[in-house]
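One structure below.
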Amino acid sequence: MASGSYRNGGPKLSAKLDRQHSAVYSTPKASAKSRPPATPATASGLRRSGAGNPASTPAGNKGDAGVPGRVRVAVRLRPRNAEELVADADFADCVELQPELKRLKLRKNNWDSETYEFDEVLTEFASQKRVYEVVAKPVVESVLEGYNGTVMAYGQTGTGKTFTLGMLGEEDSAARGIMVRAMEDILADISADTDSVSVSYLQLYMETVQDLLVPGNDNIAIVEDPKTGDVSLPGATIVEIRDQRSFVELLRLGEAHRFAANTKLNTESSRSHAILMVTYKVHVKRSVKGRHDAEPGLPTENGNASRLVSSLRPPIVRKSKLVVVDLAGSERIDKSGSEGHTLEEAKSINLSLSALGKCINALAENSPHVPFRDSKLTRLLRDSFGGTARTSLVVTIGPSPRHRGETAMKVENMVKLKEEFDYKSLCRRLDIEIDKLIAANERQQKDFEDEVERIREEAQSRIAEAERNYMNSLENERSKYQKDYMESIKTLEKKWRMNQQISSNDKTTVEHDQCLEKTCNIEGSTASKSEEIAGVRQLLQNERLLQESTEEEVNDLKGQVLHWKNLEAAASAEIIKLRKLQDNEANQKQKLEEEITILKGQLVQLSIETDETRSRFDRGGSGKIVTGLDSLMSQARHSQIRDSGNGPKASIAKLFEQVGLQKILSLLESEDADIRIHAVKVVANLAAEEANQEKIVEAGGLTSLLMLLKSSEDETVHRVAAGAIANLAMNETNQELIMDQGGISLLSMTAADAEDPQTLRMVAGAVANLCGNDKLQTRLRVEGGIKALLGMVRCGHPDVLAQVARGIANFAKCESRASIQGNKVGKSLLIEDGALPWIVKNANNEAAPIRRHIELALCHLAQHEVNAKDMISEGALWELVRISRDCSREDIRTLARRILTSSPTFQSELRRLRIEY
Ligand code: ADP
Ligand code: MG
């Protein structure tokens, strides 16, 4: 078989699946390359180190560096040069780096600044070695593993792009740039007798590609293979590199030609992009290949015999490519073409840089359309950018206040990458919620205190008033009584005196008619005395009455005081009760706040770990689906998280304990769409762990997830929920539950509406798992499962097709198993539902996972004689013949051959066609 189809086939795609979880689970075995054992030099540390345990990866080679498809952005600050030291001596730098926070602060003026976040922040003290390790090494390592990759430098002229990428480091070996160091690592890794490295060195100027190795070789065409998407430049010189010295020589030559070419064109090299393309070819030994090729239910390779066969076949070559791009200066170019630049030139530079920016943003947003075609630069990078490729961008900036405008613009372009995964804004929102709660509580407390104060004041004023009233009336009574008393005394005295006078007059003046008068007087005085006594008695009586009424009044007032005192006591009791209530409320609020904090932390942590927990991805038909969660999370925090826990498993277990499944599930119905999305991601992560699956299903998680497919309009929710369902659907009991709850029609609906290939992949994965259940075959078909599966091929994405193929293979396997067990089976339901044309069309698909599943499906279908006629009429016989001859797996080849020789229908057709078999 031509090596070309392996290029994009076997090793690459299967390894791609592996890649998605390599950040967590890759073991030295998983990252072992399918080629000769490492030479001592390669084992010495230049190889991907510590891949088995992310926590142990050395600084600068963080596990998260390896997320394919995403552009990692670092910023590097150039130190002040001599001129700036003099000219700007009085100015503070406009840039402040906070490497520990991965932040860059741009000072706008003396009192205002803006902060940006990057994947890596390299200060002016960063060594070239560190820059290489942070920016380029992960990319180089993935190139060594068979993936394409790109390293680019972007920045204003004079900020250090060429310094970062292109320094040869001949005088000072510590100054070697990324190109030189990358080649060193590649050369250290290859086996001279089987592998090869070759380079092309190009310049892209005004949408024209020029060869920097052979000047005059102009206007080189960019060719894209429509099938594989591979980009090549057949017109460019390719030089095979045998040692580091010749490579450095080549770089020097290229640089000289670049200078000459630009002088001739009357432009500066800062106006063109310099592109170094390193192609790396490795011979892959077949015997080492499929690390997960073994298919359950089929005989596995028989060691020695197959190795013997493999060695007779032509070797397989795996090819990968590293592209290093020194981009044209990013400074704003005057449209009028001043400074000696033409308008055309300005346009072409702006075109390629803005096209590049659009591609980066499209990748960051997971957009299905990445506008590669918009410029030559992006066309050239098409196969080394996004997808499975790994891309690093280093933004170089200058320290001078004079660069500020350019620097800010550049930085702003880049920061957009982060927006989609803005967990900070979520935290901010939660903070705002807490603040609202705090404010409401404070208001309540204040109202309460005011009320208490009011009651207290009122009670006090009433008591004071009662006391005042009491005292006043007491005083009044007393003074009245006193007055009356004094009055009576006075009257008595007066009377007494009068009596005295009368009696002395009697003695001294009246002698005559004494008798008569005496009698009269005595009579008179006796009468007046008894009158007087009666008067005094009356007075005393009055006094007593008065006193009694006063006493009564006093008692009454005392009663009133007592009443008020009681009232006051009741008010105090009320106050105490209210205080207690308030305390309770405060406690509850605090608890809520703590819970929110924990939840917040967990959400952020989990989201960060999402990527790492893409565990046990479907490789050999196991059916495990990785929820294609956003991989662009603030990876900066990775190391931090790793330090604090024992990896994602431990922290998910911790989450289980701390938050409780029920609570997480209840968040699925949260009002806040963001929280809903996060919650479903968390559930999906938990569902990826087999140990959690039963608990999730028991707690109603499966039902909630299925409901989300129906109730949510959000495609992310659909994608993640379907991923979780796919994982839960690995277990037979759950498969039946899903069917019982109408899962097939929900999944079909989701599939019909979905546009995102990743959503379709999840849905197809779930259905594929259901297809592997012998008991569900008929129901699956009746409820439209096969049709839904076939409907999803419209999307054309290889990952989706692979899942569809897996479903078909699973289904066919169940059918063939039933027929082998002697059950009476009619024609395959797959054929009945019209799957055969697609199967035949894709039987030789260049993507290995698709091809492998379909080859299996065909064998399974062919095992059952009832299917033979349809298979012949749809052209499947040819595919079976091809499989029996060319299939890379010996067991499948043998199976196909056996079927062809044992089936009477196939035999007679082969005879009719005069094909010797
Ligand atoms: P660019 O390629 O972006 O136009 P250069 O790489 O040519 O910029 O750098 C401009 C000048 O600054 C060169 O003299 C270079 O040696 C110096 N320079 C750039 N980056 C650094 C750095 N990190 N440390 C020391 N000197 C630097
Ligand atoms: Mg330069």
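The tail of the calculated P(r) for the stretch 655-736, taken as Cα-Cα distances beyond 22 Å, holds 15 percent of the pairs. Let me know the shape class of the stretch 815-917, please: from the alpha-carbon gyration tensor, a ≥ b ≥ c as square roots of the eigenvalues, rounded when a/c is under 1.5, otherwise prolate if a/b is greater than b/c, or oblate. Since a/c stays below 1.5, the shape of the stretch 815-917 is classed as rounded.
Just subtract the alpha-carbon distance of residue 268 and residue 374 from 0.36 nm times their residue separation and send over the number in nm, one decimal. Don't skip to the answer; put the middle values down first.
Values: separation 106, 0.36 × 106 = 38.16 nm, distance 2.41 nm.
Stretched fully, the residue 268-residue 374 segment lengthens by 35.8 nm.
As a calculated quantity, the FRET efficiency between residue 821 and residue 710 at R0 = 45 Å, using C-beta atoms, amounts to about 0.75. Other residues with beta-carbon under 13 Å from the beta-carbon of residue 779 carry, at +1 per Lys or Arg and -1 per Asp or Glu, a net charge of -2. Remark: the Cα gyration tensor places the stretch 750-883 in the oblate category, a/c being 1.5 or greater and a/b not exceeding b/c.
Neighbour counts of other C-beta atoms within 10 Å: give me 859, 771, 814 arranged from fewest to most. The partial results should precede the final answer.
Values: 859 26, 771 29, 814 20.
Neighbour counts put them in this order, fewest first: 814, 859, 771.
Local charge for residue 235 was computed over the other residues whose Cβ lies under 10 Å away, with Lys and Arg +1 and Asp and Glu -1, and equals -2.
Shape call for the stretch 444-501 from the C-alpha gyration tensor, a ≥ b ≥ c root eigenvalues: rounded (a/c under 1.5), prolate (a/b greater than b/c) or oblate?
Details: a/c = 15.26, a/b = 14.13, b/c = 1.08.
Judged from the Cα gyration tensor, the stretch 444-501 comes out prolate (a/c at least 1.5, a/b above b/c).
Every number here is computed from the coordinates shown, using simple stated rules; none is lab data. Remember, predicted model here, so these are calculated numbers, not experimental data. Note that we place each Cβ from the backbone using ideal geometry, even for glycine, and neighbour counts take in every protein chain shown.
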